[in-house]
Amino acid sequence: MSQKRQDWIGNATELPHHRLALLVLMIQFMRHTAKKVLIVDSNANFRESLRDFIKGLGHEVFEGASGPEAIEKASSVHPDLIMMDVRLPGMNGDEVTKRLKANMSTRNIPLVINTGWTTACNVEARIDRALNAGAAAVLYKPFQLPMLRDVLRTYLLA
């Protein structure tokens, strides 16, 4: 067999290993690419804390403080995840969820409802309506960091 043909055969047998290595590097890169997260909560201190935590994980964060602002930002930014309080000024989270899930451009964005443990203002009924409208999960404040990390992994690395 000629040296040229043997070199080609040798390279051909090594090629799948190079492709596999490249694939592994690409997957690792994709896992570490910044995702966009929209945080919607009327409490500025809560948004700031959550923003700092999520940015610390390397993601890009957008914020809103009201229901109408959530719809506007979700439509313009197209985040990879929305984390939204169930009680918002202008339009509550269950109503926002219903509108976002009815819109073709935002319906596939995972939406996590968050709220504090309370019986005020029919919060549990609003949470049920948000889940029925298509919210992916509910997190109760204050968040346990491992639980928050798991939710972020589930919806941002999927």
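The values are calculated or read from the model by the stated rules, or taken from the named source; none is laboratory data. Keep in mind that this is a model prediction, so the values were computed, not measured. FYI the Cβ positions are ideal-geometry reconstructions off the backbone, even for glycines, and counts take in every protein chain you see. Note: areas computed on protein heavy atoms with side chains; ligands, DNA, RNA excluded. Shrake-Rupley method; radii C 1.70, N 1.55, O 1.52, S 1.80 Å.
Return the pair list, or none, for Cβ contacts closer than 8 Å from residues in the stretch 145-156 that are aromatic (Phe, Trp, Tyr) to residues that are not in a helix (DSSP H, G or I), at least 6 apart or on different chains.
From residues that are aromatic (Phe, Trp, Tyr), the pairs are Tyr155/Asp80; Tyr155/Leu81; Tyr155/Pro110; Tyr155/Val112; Tyr155/Ala136.
Of the residues in the stretch 67-106, how many are of a type in the set (D, E, K, R) and in a loop (DSSP other than H, G, I, E, B)?
Residues in the stretch 67-106 being of a type in the set (D, E, K, R) and in a loop (DSSP other than H, G, I, E, B): 2 in total.
If I ask for residues that are closer than 19 Å to Leu111 by Cα and modelled with pLDDT of 90 or more, which ones from the stretch 32-47 would you list?
Within the stretch 32-47, Lys35, Lys36, Val37, Leu38, Ile39, Val40, Asp41, Ser42, Asn43, Phe46, Arg47 meet the criteria.
Only one of (1) small (Gly, Ala, Ser); (2) more than 16 Å from Ala130 (Cα to Cα); (3) open to solvent by 20 Å² or more (accessible area, probe 1.4 Å) fails for Gly64. Which number is that?
Looking at each condition in turn, Gly64 falls short on (3).
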